[in-house]
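All remarks here apply to the structure that follows.
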Amino acid sequence: MSSSIIQHIIRFLLVFLLQVLILNQIEIGYGIQLMIYPLFIFLLPVEMNVFYLMLLAFGLGGFIDYFSNTFGLHASSLLVFAYFRPIIFKIFAPRDGYDLLLETNLFNMGRSWFIRSFGLLLIIHHFWFFLLEIFKLSEILYILKQTGLSVVLSFILCVLFQYLFLRKPKKEL
Amino acid sequence: MRNFLAFIRQFRVLLFFALLQGIVLTWHFRSLNYPRSQYLTTASTFTGKFYETQHEITQYLNLRRNNSWLQRENARLHKYENKSLMKLERNLVKIDDTLHKVQYAYIPAEVINSTYTRRNNYFTLNVGKKQGIEKNMGVFSANGVLGTVHSVGEHFCIVKSCLTKNINIAVMIESSGEHGFLKWDGKDARRGSLTGISNDSKVEKWSKVVTRGSAGIFPQGLPVGKVEKTKVLEGKPLWDVTILFSENFRRVQRVYVIKNLLRDEQLDLEKPYQAQQ
């Protein structure tokens, strides 16, 4: 149990440093912004209380805001992410429930489940982020364009992160 | 009472979410509109140190470009030095000049963190209260105007760059003297726009846009950019002028903060008139 706590703390720091030191400095153009930190909230244990989830989201998001002069943008959208996580998990629950010992990553849960649930949450997260940042209904098309483009790239980045930093489970034969 | 408790229990997740969201959104909208504290921004000592360390590692990436900018600026300034001017009136004794009084002082600084892709972009500089930085001072670099100081920490400060929603720097077209305000639409980091230029005068393409110096933040005549195209605003007798910034906000590193030594005098003088309006 304690080893998994340490694992999550390390992941917290890793995601935070990646976001602040590297991803915030990258400019792709077309208003695209890369965000990897939602993955941290997504990979927390399934049975975790939603209150703790939201507190952690508040903490991580606030920390990133503190370091990137965005004044609560990341914290607000990560809170939305944490709020919707249990709801989405319930909707896409596997037939025989979640295995509480397994982490909800790409390898354990399968590709299609991950794309559906993480993709949907990421779309909600990004949409809220750009909506709040631009804060003009007359530019809704621009918000949607930015959301669409950024979600795709952030998603690819999160998949890459898992291939690089997570242990793949051995095939049971 | 019991109903109320039951209500809270039923919606406790949503209520908790709303509470946290409320805190965050208050923070967001308050700091956008009334910057009061430097504590939760990169002007605080902790984050400032963090970015200074990062900057120490990455500053070499743009060294060559920055050096050439500075050299060009030096060349321009050498022109005005006494030694490069030829004396025409050799018989006269030169006495100390009392016609000019120093109005602007410049504090050199370095950008240690910046953004340019957001809706509201900020720079973090490695100077703060200790170096005499105050809120609303102007900031510029060798190529042009950058923005104004947004909040100040002990050793660091945050600059609201020209790439923010309501930057409103008073600028004018150098050749004609027509003046207006600088705006940014939030999309292209190389282009801004100019509002308040009436369309009964012609605006030449590629004419220079410089600061007007009316608010006492910038001296007159600092370059901002060039007019790229003009368009008629529908229903208003105004031009919608698009300008190309002369500064590349992505690569700027060495900057100057402007201290207007006579600003208090100007503000005191203008205060009663602004109250009337």
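The values are calculated or read from the model by the stated rules, or taken from the named source; none is laboratory data. Treat the numbers as computed from the prediction; the structure is a model and nothing was measured. Please note: Cβ atoms are built from the backbone with ideal geometry, for glycine as well, and neighbour counts cover all protein chains shown.
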Anything in the range A:43-54 that is facing another protein chain (nearest Cβ under 8 Å) and not aromatic (Phe, Trp, Tyr)? List them, or say none. A:50, A:54
Only listed residue being among the hydrophobic types (A, V, I, L, M, F, W, C), touching a Phe, Trp or Tyr at 6+ places or on another chain (Cβ under 7 Å) and more than 9 Å from every other protein chain (Cβ to nearest Cβ), chosen from A:107, A:40, A:71, A:84: A:40
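Give the residue that is farthest from the other protein chains (Cβ to nearest Cβ), with candidates limited to residues of the range A:21-32 that are assigned to a helix (DSSP H, G or I) and surrounded by 14 or more Cβ atoms within 10 Å (Cβ to Cβ).
Residues of the range A:21-32 that are assigned to a helix (DSSP H, G or I), as a first pass: A:21-25.
From what's left, surrounded by 14 or more Cβ atoms within 10 Å (Cβ to Cβ): A:21, A:23-25.
Working: A:21: 6, A:23: 11, A:24: 7, A:25: 8 Å.
By that ranking, first place goes to A:23.
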Being at pLDDT below 95 and more than 23 Å from residue B:32 (Cα to Cα) is the filter here, so list the residues in the range A:123-143 that pass it. A:141
Please verify whether the range B:61-74 includes one or more residues that are at pLDDT below 85, within 14 Å of chain A (Cβ to nearest Cβ) and surrounded by 12 or more Cβ atoms within 10 Å (Cβ to Cβ). yes
(1) part of a helix (DSSP H, G or I); (2) more than 16 Å from residue A:151 (Cα to Cα); (3) within 12 Å of chain B (Cβ to nearest Cβ): which one isn't true of residue A:4, the others all being true? (3)
Residue hits (the range A:30-68; of a type in the set (A, V, I, L, M) and touching a Lys or Arg at 6+ places or on another chain (Cβ under 8 Å)) are A:41, A:43, A:50, A:53
In the set B:197, B:158, which member is touching a residue at least 12 places away in the same chain (Cβ under 8 Å), over 18 Å from the mean Cα position of the chain (by Cα), in a strand (DSSP E or B) and on the phi < 0 side of the Ramachandran plot? B:197
Number of positions in the range B:157-173 that are over 26 Å from residue B:124 (Cβ atoms) and surrounded by fewer than 16 Cβ atoms within 10 Å (Cβ to Cβ): 0
Pick out the one residue from A:140, A:156 that is part of a helix (DSSP H, G or I), of a type in the set (A, V, I, L, M, F, W, C) and more than 15 Å from the chain's Cα centre (by Cα). A:140
What do you reckon, is residue A:18 in contact (Cβ under 8 Å) with a residue 12 or more places away in the chain and either surrounded by fewer than 20 Cβ atoms within 10 Å (Cβ to Cβ) or in contact with an Asp or Glu (Cβ under 6 Å, 6 or more places away or on another chain) (or both)? yes
Please indicate, with yes or no, whether at least one residue in the range A:69-78 is over 19 Å from residue A:155 (Cα atoms), crowded, with 16+ Cβ neighbours inside 10 Å and touching a strand residue (DSSP E or B) at 6+ places or on another chain (Cβ under 8 Å). yes
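Do the conditions hold for residue A:12, that is, is it away from every other protein chain (no Cβ under 11 Å), at pLDDT 90 or above, surrounded by 14 or more Cβ atoms within 10 Å (Cβ to Cβ) and assigned to a helix (DSSP H, G or I)?
yes
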Search result, residues across the range B:12-60 that are under 21 Å from the mean Cα position of the chain (by Cα), facing chain A (nearest Cβ under 7 Å) and modelled with pLDDT of 85 or more: B:28
Test residue B:145 against the criterion of being under 24 Å from residue B:65 (Cβ atoms) and either touching a Lys or Arg at 6+ places or on another chain (Cβ under 6 Å) or β-branched (Val, Ile, Thr) (or both), and give yes or no. yes
Would you check if residue B:273 is more than 14 Å from chain A (Cβ to nearest Cβ) and part of a helix (DSSP H, G or I)? yes
Condition check: assigned to a strand (DSSP E or B) and within 14 Å of chain A (Cβ to nearest Cβ). Does residue B:123 satisfy that? yes
Name the single residue that is surrounded by the fewest Cβ atoms within 10 Å (Cβ to Cβ) among those in the range B:178-215 being among the small types (Gly, Ala, Ser) and within 14 Å of another protein chain (Cβ to nearest Cβ). B:186
Test residue B:148 against the stated conditions and say whether it is out of contact with any helix residue (DSSP H, G or I) (no Cβ under 8 Å at 6 or more places or on another chain), buried (at least 18 other Cβ atoms within 10 Å of the Cβ) and modelled with pLDDT of 90 or more. yes
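For residues that are among the charged types (D, E, K, R) and free of Cβ contacts under 8 Å to residues at least 12 places away in the same chain, tally how many sit in the range A:21-50.
So the count comes out to 1.
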